[in-house]
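*Asks:* I have a structure here, written as structure tokens, and I will follow up with some questions on it.
Read-outs: derived from the displayed coordinates by stated rules, not from any lab. Every value quoted in this text rests on a predicted model; they were computed, and no experiment measured them. Note: ideal-geometry Cβ built from the backbone for every residue, glycine included; neighbour counts use all protein chains shown.
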Number of protein chains: 2
Amino acid sequence: MTQPLDPDMFDPICPSTLSPFRIGDKWAGMIIRCLEHGPRRFSELRIPLRGITAKVLTKSLRALERDGLVVRTAHAEPVRRVEYDLTPLGRSMLGPIAAMCAWAEQHWDELLDAREESLSLDRTG
Amino acid sequence: MTQPLDPDMFDPICPSTLSPFRIGDKWAGMIIRCLEHGPRRFSELRIPLRGITAKVLTKSLRALERDGLVVRTAHAEPVRRVEYDLTPLGRSMLGPIAAMCAWAEQHWDELLDAREESLSLDRTG
DNA sequence: CTGAATCCATTTGGATACTG
DNA sequence: CAGTATCCAAATGGATTCAG
């Protein structure tokens, strides 16, 4: 029932590193957002997470599991199939995460301006 | 007028790494909270930031400055005196930060439980 | 398909010594 | 006092190869 993940859900151009907020490791925040609308398979997560390697995705997922934010379910089927889903605890993070994103969106221009200004100061001053 | 910073303002026992949220680098979040009630001097910041080296504190402050979250003011006086203060942009982060802290406080036990359980699973399973 | 294993470059943070 | 300069260990993330 859940829609497939948009491959462009995370704009590769947009320097999200601009946001001072971070969730866990480099990918954790994006993974959580990928799970927002229901469980996802390992290979499914790799689509929007452009170019993440299996090793890194595994490590990130294991960390989320260890912290009780995500559950892993291995389905016994002819073709191997593993799904990851948010726990209630993980889901409870969506609110704060949305607040962080709202702040970042709201202050994006100021952040960009500050960086540009500091760059020009480096050059001229 | 501002009170001196509490040296124990950040409990060294409490594993704040437990919180999945992070602001900038390792120290940025704590620095911002230190500046909540007014400007602070370089050496003043080092008190609650137990054992931070001058180099690391400088680097962290420069990053906050570059992002427009903090301003640095060097006062021309007999004794050298430099103060750091939050910009309006930096101050606007206090809300989201408080939300993150509230979430962490509220779910602390669940986070601890999840870690402990994953540890015991490592041992037994 | 869902990883694990190995190797490697970069980044991060800290220890220490020195300076205007 | 408020840094800077060097050196260094550990962590992070990625590339590549292999496996059940």
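*Asks:* Run the label-point distances for A:Thr2 please: 7 Å along Cα to Cβ, every other copy, nanometres, shortest first.
*Replies:* Between copies, matching label points for A:Thr2 lie 4.4 nm apart.
*Asks:* Using only the alpha-carbon atoms of region B:68-125, report the extent along each of the three principal axes, biggest first, to the nearest angstrom.
*Replies:* Result for region B:68-125: principal-axis Cα extents of 65, 26, 16 Å.
*Asks:* Mind checking the dipole of region B:16-124: about its Cα centre, +1 per Lys or Arg Cβ, -1 per Asp or Glu Cβ, Debye to the nearest 20?
*Replies:* It comes to approximately 820 debye.
*Asks:* Shifting gears a bit: Pop out the ³J(HN,Hα) list for region A:66-72 in order, Karplus 6.51 cos²θ - 1.76 cosθ + 1.60 with θ = phi - 60°, rounded to Hz; leave Gly and Pro as x.
*Replies:* 4, 8, x, 9, 9, 10, 10
*Asks:* Expected output is a single nm value to one decimal: the length gained when fully extending between A:Glu105 and A:Ser43, i.e. 0.36 nm times separation in residues minus the C-alpha distance. What is it?
*Replies:* 19.4 nm
*Asks:* Relative to the longest principal Cα axis of chain A, at what angle does helix A:94-124 sit, 0 to 90 degrees, rounded to 10?
*Replies:* 40
*Asks:* With an 8 Å Cα cut-off and a minimum separation of 6 or more residues, compute the relative contact order for region A:22-125 in percent.
*Replies:* Computed over region A:22-125, the figure is 25 percent.
*Asks:* Let me ask something else. Distances in nm, one decimal, shortest first, from A:Val56 to the same residue in every other copy, taking the label point 7 angstrom along Cα→Cβ.
*Replies:* Its label point is 2.5 nm from the equivalent points in the other copies.
*Asks:* Note the direction-averaged projected area, equal to a quarter of the hull surface, for the Cα convex hull of region A:16-124, in nm².
*Replies:* 8.5
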